[in-house]
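The values are calculated or read from the model by the stated rules, or taken from the named source; none is laboratory data. Given the structure is predicted, the values throughout are model-derived calculations rather than measurements. Ideal geometry is used to build each Cβ from the backbone, glycine not excepted, and the neighbour counts take in all protein chains shown. With ligands, DNA and RNA removed, areas are computed over all heavy atoms of the protein, side chains included. Shrake-Rupley method; radii C 1.70, N 1.55, O 1.52, S 1.80 Å.
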Amino acid sequence: MLKKYLIIFLISMVPLIELRGAIPYSQAFQLPLLESYIVCVIGNMLPVPVIYLFARKVLEWGRDKKYIGKFFTFCIEKGHKGGQKLKEKAGRGLFVALLLFVGIPLPGTGAWTGTLAASFLDMGFKKSVIAVLLGVLLAGIIMGVASAGVFGAIFSFV
């Protein structure tokens with residue numbers, strides 16, 4: 001049982017997959033939804049302060065390196081684009097825009113991208129982390145409800 005929780009914890013830390021993939025995976029394991037939700041939220045939020053404080057600096061340092069430059073440049077451009085989209089659509093409501101950007105479970109809009117975008121917008125550490133946390137909580141609820149419905153229906157026939 002502990003091994004399954006560790007797996008979903010680690011999955012929720014992976015960029016692009018995050019808790020959007022970990023929660024459905026937990027339901028495939030038939031783990032309790034509330035405990036899975038908590039484990040996935042913690043796993044998804046663990047990298048957020050590190051991303052905010054260091055990712056931008058590391059990406060800018062590596063953008064002109066021979067082997068990693070293209071990937072780092074791609075990440076920088078993604079962060080800039082995400083940040084600009086948020087800024088254009090949000091205006092002064094950047095906090096809510098970031099929360100919704102992270103909270104609506106679409107590909108490429110998770111905690112990693114949202115935090116990177118917030119760091120490029122110089123949004124402020126505390127404000128960014130709170131907005132991302134609320135977004136992760138929202139995404140977790142959406143994925144939990146969707147997963148419980150889908151997997152609940154599947155397992156009721158088994």
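Odds and ends about this structure:
- Residue order for V50, V129 - accessible surface, 1.4 angstrom probe, largest first: V50, V129
- Accessible surface, 1.4 Å probe, highest first, among residues T73, T115: T73, T115
- Pair V58, L2: separation of 7 Å Cα→Cβ label points (nm): 2.8
- Taking the centroid of alpha carbons for each part, the stretch 5-38 and the stretch 78-95 are 28 Å apart.
- Out-of-range pairs (alpha-carbon distance over 28 Å; input K85/K126; K65/K126; K4/K57): K65/K126; K4/K57
- Of the chymotrypsin sites (Phe, Trp or Tyr not before Pro) in the stretch 30-126, the ones in a loop by DSSP (not H, G, I, E or B) with at most 10 other beta carbons within 10 Å are Y67.
- Heavy-atom surface of the chain, accessible at 1.4 Å and reported per residue (Å²): 57
- 0 to 90° range, to nearest 10: angle between helix 18-28 axis and the chain longest Cα axis: 10
- The trypsin sites (Lys or Arg not before Pro) of the stretch 44-100 that DSSP puts in a loop, and whose beta carbon has at most 13 other beta carbons within 10 Å, are K65, K66, R92.
- With every protein chain in place, the chain: carbon and sulfur % of accessible area (1.4 Å): 73
- Extension gain, Y67 back to K87 (0.36 nm per residue minus Cα-Cα distance, nm): 4.0 nm
- Computed over the Cα atoms of the chain, the ratio of the radius of gyration to the Kirkwood radius (Rg/Rh) comes to 1.03.
- Relative compactness, the stretch 23-98, computed as alpha-carbon Rg over 2.2 N^0.38 Å: 1.49
- Gyration tensor (alpha-carbon) shape descriptor, the stretch 67-154, a/c threshold 1.5: oblate
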